[in-house]
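Working notes, beginning with the structure itself.
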Amino acid sequence: MVMVLPIRWHSTSLNFIQPPKVIYGFHSEQKEPRSSLYLTNFKKVWAQVLNREEMIAKAKSLGIDEVNNKVLAELVNAIEPQMASRLSFDQKGPIILVKVDIGVNWTFDLQELSPTETIEFLAKLNYQQFANTCFLNFQICKLKSIIDVKDSYARFVATNFEQSHGNHLLKTYRKNNIGDAESIDTFDQSEWQEKATNEYRKKRLDAKFSRNQILDKNIDVAISIPWEFANEGLACEKEVVEDVEEADSHKHKQNFPNSSPTRPRQRIGMMSGLKRSQDDKAPSSPSPKKTRRIGQL
């Protein structure tokens, strides 16, 4: 079994397995149609991987005729958005059934992986966390550099304001915003690190959660956003580029309100998307390209 882990995970609790806290994720490939669903409670792993032929057979069993690669793409695009809410879990012997509501009940039959496959899965999940940490560190470094630039500008403005208007208004602002006084001062990385560590430790102690509650909370927070570069930065690289291009297009329309509107990208949701008319295939007009300035505040 080719094992490619999802980059979007969801969590829930299932009372028929122990420990009950699980994460699950859906992965699909459209170049060579394939779909998979993984579920784990970090002790055991259940999964189903469907190749093109198996997906076609399942689609036909649900009454979907004339299944081709385009229809399969519509199917996986319909399944992905429903992973967070429109699904149910059940157990049938050793198999975990996951039903996804996409207008019809698409059911995944998850079977427990062998010890060797479980080790492979958990190893890849661990590598995903290392990738997440690297990306998080990159974001923190970029944020610190931006704060440093803003600090320099704020000092420049404050100094010139004080020279021309005196410091009365600056003192009044500090007096009226005592809680923000420390944040107004120049950003000190070591002081910020120490303060953030102490606040986080105090928050966890005050909450008085049990060990299992803390672990469950950590899981929920960790998977609350997509793990953009979890699979070596390749799994969603195209998606990230498309998001940047779409943002640039939106900015362009704001700057040039008289330009002709572009046709919005159609997103496939429920199975009704499979019945689009043939007239809805006209290519959209490309948005004028705009030079992107990197690092501009």
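Taking the criterion of being more than 22 Å from the chain's Cα centre (by Cα) and surrounded by 12 or more Cβ atoms within 10 Å (Cβ to Cβ), the residues of region 77-98 that qualify are Phe89, Asp90, Gln91, Ile95, Ile96, Leu97. When restricted to residues that are touching a Lys or Arg at 6+ places or on another chain (Cβ under 6 Å) and assigned to a strand (DSSP E or B), region 1-24 contains 1.
Would you mind finding the one in Phe121, Phe130, Phe108 that is part of a helix (DSSP H, G or I) and either touching a residue at least 12 places away in the same chain (Cβ under 8 Å) or over 18 Å from Thr40 (Cβ atoms) (or both)? Break it down into steps so the answer makes sense when it comes.
Values: Phe130 fails: either touching a residue at least 12 places away in the same chain (Cβ under 8 Å) or over 18 Å from Thr40 (Cβ atoms) (or both); Phe108 fails: part of a helix (DSSP H, G or I).
On inspection, the qualifying residue turns out to be Phe121.
Which of the residues that make up region 92-120 are on the phi < 0 side of the Ramachandran plot and among the small types (Gly, Ala, Ser)? Correct list: Ser114 only.
Flag: Val49 does not match the condition of being β-branched (Val, Ile, Thr) and more than 30 Å from Ser224 (Cβ to Cβ). Taking region 18-64 as the range and being free of Cβ contacts under 8 Å to residues at least 40 places away in the same chain and hydrophobic (A, V, I, L, M, F, W, C) as the test, the residues that pass are Val22, Leu50, Met55, Ile56, Ala57, Ala59. Selection of region 164-174 for residues being farther than 15 Å from Thr186 by Cβ and surrounded by 10 or more Cβ atoms within 10 Å (Cβ to Cβ) yields His165, Gly166, Asn167, Leu169, Lys171, Thr172, Tyr173. Scanning region 141-163 for residues that are surrounded by 11 or more Cβ atoms within 10 Å (Cβ to Cβ) and of a type in the set (A, V, I, L, M, F, W, C) turns up Ile146, Ile147, Val149, Ala154, Ala158, Phe161.
Suppose the filter is outside any strand (DSSP E or B), within 27 Å of Ile119 (Cβ to Cβ) and out of contact with any Phe, Trp or Tyr (no Cβ under 8 Å at 6 or more places or on another chain); does Glu74 pass it? Against the criterion (outside any strand (DSSP E or B), within 27 Å of Ile119 (Cβ to Cβ) and out of contact with any Phe, Trp or Tyr (no Cβ under 8 Å at 6 or more places or on another chain)), Glu74 does not qualify.
Laboratory data are not the source of any read-out in this text; all were calculated from the coordinates shown. Since the structure is predicted, the reported quantities are computational estimates derived from the model, not experimental observations. FYI the Cβ positions are ideal-geometry reconstructions off the backbone, even for glycines, and counts take in every protein chain you see.
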